Amino acid sequence: MDGLAHAVLTLAQQLEASPVGAAMRGTRGLYPAVNTVHLLGVVLLVGGIGVVDARVLGLGRAVPLAALSRYLTPAAIAGLGLLAVSGALLFCADAGPFIRSPLFQAKLALIALGAANAFLFRRRFGDFDDGAEPPALARAMAAASLGLWTSATVVGRWLAYL
């Protein structure tokens, strides 16, 4: 094990042994409550960004894309914030096993790719002119977004059962 991997594993073990990790494992109802907040974050993020992505791909052309994006992007950002906080708390409960899990590592990679795609999409396209059809690159990035966030969600759910 190289130095970085050892440091990450040590940090994960410290988080798991911390008062937060102990509380997440030992306080009745806390883990399910945080997991519920995590699910709400998924709904806000994937629901918000997914609807905008679907519109970029051509669904619901009667709905103005710029207005839809202005309305749902803050919900998606709020969802990402909830996911980050609740995910960190859930991680503390079983950080040692999670950090070693290829499935968890895949989830983190999918989240990083989804966030990078969203950032680059926003930077490249900003708000759309409702009279124009989104360019092919925007449609490709919207399709990638749907795939990445859906995959991150599915892999995250699998973690609970494997």
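Give me the pairs: first residue in the range 34-55 and under 11 Å from Leu68 (Cβ atoms), second residue surrounded by fewer than 18 Cβ atoms within 10 Å (Cβ to Cβ) and of a type in the set (Lys, Arg), beta-carbon distance under 9 Å, and six or more apart or on different chains, which are they? Close Cβ pairs satisfying both conditions: Arg55/Arg61.
Taken together, the residues in the range 64-117 that are within 23 Å of Ala22 (Cβ to Cβ) and touching a Lys or Arg at 6+ places or on another chain (Cβ under 6 Å) amount to 1. A single member of Gly147, Gly131 is under 22 Å from Leu44 (Cβ atoms) and either without any contact (Cβ under 8 Å) to a residue 24 or more places away in the chain or crowded, with 20+ Cβ neighbours inside 10 Å (or both), and it is Gly147. Any residue in the range 96-110 that is assigned to a helix (DSSP H, G or I) and in contact with a Gly (Cβ under 7 Å, 6 or more places away or on another chain)? Within the range 96-110 (the criterion being assigned to a helix (DSSP H, G or I) and in contact with a Gly (Cβ under 7 Å, 6 or more places away or on another chain)), the answer is yes, since at least one residue qualifies.
Among the residues of the range 59-101, the ones that are of a type in the set (Gly, Ala, Ser), within 17 Å of Gly48 (Cβ to Cβ) and out of contact with any His (no Cβ under 6 Å at 6 or more places or on another chain) come to 10 in all.
Quick note: the coordinates plus some simple rules give every number you see, no bench work behind them. All values reported here derive from a predicted model rather than from experimental measurement. Here Cβ is always computed from backbone atoms with ideal geometry, including for glycine, and neighbour counts include all displayed protein chains.
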